[in-house]
1. Please enumerate the residues belonging to the range 29-42 that are within 21 Å of Ala227 (Cβ to Cβ) and touching a helix residue (DSSP H, G or I) at 6+ places or on another chain (Cβ under 8 Å).
2. With Ala248, Ala212 as the choices, which residue is at pLDDT 95 or above and either farther than 22 Å from Met130 by Cβ or more than 21 Å from the chain's Cα centre (by Cα) (or both)?
3. Exactly one of these conditions fails for Arg165: (1) of a type in the set (D, E, K, R); (2) closer than 13 Å to Gly190 by Cβ; (3) touching a strand residue (DSSP E or B) at 6+ places or on another chain (Cβ under 8 Å). Give me its number.
4. Given the criteria closer than 17 Å to Asp333 by Cβ and either hydroxyl-bearing (Ser, Thr, Tyr) or free of Cβ contacts under 8 Å to residues at least 40 places away in the same chain (or both), does Thr263 qualify?
5. Looking at Arg445, Arg465, Arg540 in this structure, which one is closer than 30 Å to Pro361 by Cα and at pLDDT below 95?
6. Working only within the range 212-243, note down all residues that are buried (at least 24 other Cβ atoms within 10 Å of the Cβ), in a loop (DSSP other than H, G, I, E, B) and either out of contact with any helix residue (DSSP H, G or I) (no Cβ under 9 Å at 6 or more places or on another chain) or not aromatic (Phe, Trp, Tyr) (or both).
7. If I ask for residues that are within 22 Å of Tyr406 (Cα to Cα) and touching a Lys or Arg at 6+ places or on another chain (Cβ under 7 Å), which ones from the range 364-379 would you list?
8. Say we look at the range 32-47 and pick out the residues that are buried (at least 22 other Cβ atoms within 10 Å of the Cβ) and β-branched (Val, Ile, Thr); which of these is farthest from the chain's Cα centre (by Cα)?
Amino acid sequence: MRRLFKRKSAKSPWHEILASGLPKRAEVPDGTRVLCASSVGGAYLVRTVDSVVALALWLRGAEPTMLLCDGMLPACEACVYDAFPDPAEFARNGPQRRLCSPCFSAGADFYAPLPVPVHRYSQYVDAGEMAAAQAFASTLSVAECFSFEQDGLRLGEQARAGTIRFFGKAQLHDEPPDLVTAAARRYAAGAIVAAAVARRVLAKLQPDCLVAHHGVYVPQGVLGEVARQAGVRVVNWGVSYRNTTIIASHEDTYHRTLIDEPTDLWDFPLTAEQVREISSYLETRRRGRGDWTWVTPEAALRPEFQADEELVEGLGLDPARPIFGLLTNVLWDAQLYYEGHAFADMLEWLFATLDYFLDNPELQLIVRIHPHEIKSGNRQPVAAEIERRYGRLPPSIAVVPYDHSYNTYALMGLCRAVLIYGTKTGVELVPYGTPVIVSGDAWIRGKGLTMDISCLTQYEDTLERLTTIEPLDDEHRARGLRYAYHYFLRRMIPLAALDPDAPLPALRIESAEELLPGRDPGLDVMCEGILRGAPFVFDRAPAAAPTR
């Protein structure tokens with residue numbers, strides 16, 4: 001195990017940034033204890049953002065501590081199918097021989113120049129406990145791995161999310177059964193070990209707040225479960241779409257909290273300047289700009305806005321007959337359980353929708369496959385699932401591949417209504433007057449802006465009256481613009497320390513003084529949220545008074 005700490009990675013940028021020394025900390029120490037527990041040191045974006053936030057907290061007088069896994073998990077978020085030339089190696093040995101040493105070293109070396117202590121998983125569990133967790137997991141079926149609880153903790157949900165992410169597939173029925181079972185058991189064991197680490201590190205450090213990337217998977221999702229149970233505040237964050245921004249939430253992953261946000265947080269009149277700002281940004285996004293290039297890969301950017309006639313002719317559609325749109329999302333990404341949904345997953349919804357349009361050929365459907373399917377790690381492309389189930393579709397249903405040059409927004413502009421499951425694009429369609437029908441966990445759900453589906457009967461009834469759905473009125477469009485402003489320009493918090501031109505999040509600061517209070521308003525929002533529980537909402541000017 002000692003060799004893990006001798007591996008060297010690229011020099012930390014903090015060496016040069018801190019070469020001139022550290023500025024004076026807050027005169028009155030804050031004293032808030034913060035555990036920065038993202039754990040996966042090999043993820044460059046995670047260690048970059050975590051280090052900025054940790055040093056900013058330290059400068060404000062808080063007491064941050066970094067937590068890194070040093071090879072003690074049988075499986076974790078860093079494990080993906082393509083990282084193993086032979087996936088059977090993962091089943092036999094887990095990540096230890098291939099991933100753990102460089103992953104830990106990358107994080108430890110990156111954080112080393114900071115005035116912040118780094119704790120390791122091996123300080124809180126040992127190899128014997130890891131073996132015991134694997135022995136217990138070996139008694140579980142795949143279904144039990146995905147649903148088990150331990151001491152009131154829903155560990156199975158995180159094991160399921162991790163297993164699905166490993167395979168890059170939401171459905172695993174066509175994978176070798178022995179490999180699926182082995183992977184599921186590894187993630188179940190990883191969840192047990194992560195829970196043990198979390199209990200002990202919380203007991204020792206007594207943090208006031210636990211901060212972790214994403215809030216899903218093994219270990220971050222598990223750490224959050226344990227912290228909530230122990231009464232420790234939880235903050236989860238992730239890199240958001242808009243360039244140099246992150247999104248954060250209190251108490252649970254933003255994948256859940258954004259759905260349940262109070263209406264009063266965003267439903268207030270916008271100023272003329274705010275309307276211009278969000279309208280300009282939405283137009284920029286419609287042409288594939290304004291996002292991190294690594295979030296929206298260059299090959300998926302389609303800035304051209306084709307004419308309606310070109311699209312209709314290219315897709316072989318009949319302009320005299322009604323056209324509807326369907327937007328998919330990546331099947332395996334952040335697969336959590338949500339209450340009150342009509343379908344088990346996106347694929348079940350997709351097939352039910354296609355079956356309806358096949359039975360009603362007088363209606364036309366454009367299925368736009370999510371452009372992010374171009375990203376590495378995706379092993380279950382939706383178009384292949386459609387072809388496997390249906391073979392050749394009739395001309396009334398047009399499937400547009402993820403890498404096609406047609407602009408998604410131009411395609412949806414042809415449609416009377418758009419059906420979505422979990423994609424964020426619904427936020428962008430409502431301000432343009434497009435009716436949106438939501439059947440899954442999209443963040444536009446529950447805002448009074450869309451038709452939200454809660455049961456199969458409701459969905460069937462909605463499909464039967466598709467042709468009666470009218471474009472959204474001015475009030476709906478105005479409220480949609482308010483939510484878009486809130487989502488894109490308030491909830492996505494800009495960090496001046498991040499380089500907007502870097503292919504991955506990178507630092508662009510020259511000294512730690514740039515992280516002091518008052519120097520970066522976005523960083524101030526993050527720190528106030530972590531230290532005092534303030535909302536993770538970025539306002540450059542005071543917001544207008546709520547309407548109610």
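1. Passing the criteria: Asp30, Thr32, Arg33, Val34, Leu35, Cys36, Ala37, Ser38, Ser39, Val40, Gly41.
2. On inspection, the qualifying residue turns out to be Ala248.
3. Result: Arg165 passes all but (3).
4. No.
5. Arg445
6. Hits for the range 212-243 are Gly215, Val216, Val218, Pro219.
7. Passing the criteria: only Gln364.
8. Val34
The values are calculated or read from the model by the stated rules, or taken from the named source; none is laboratory data. These figures come from a predicted structure and were not determined experimentally. Cβ coordinates were reconstructed from backbone atoms using ideal geometry, including for glycine residues, and neighbour counts include every protein chain displayed.
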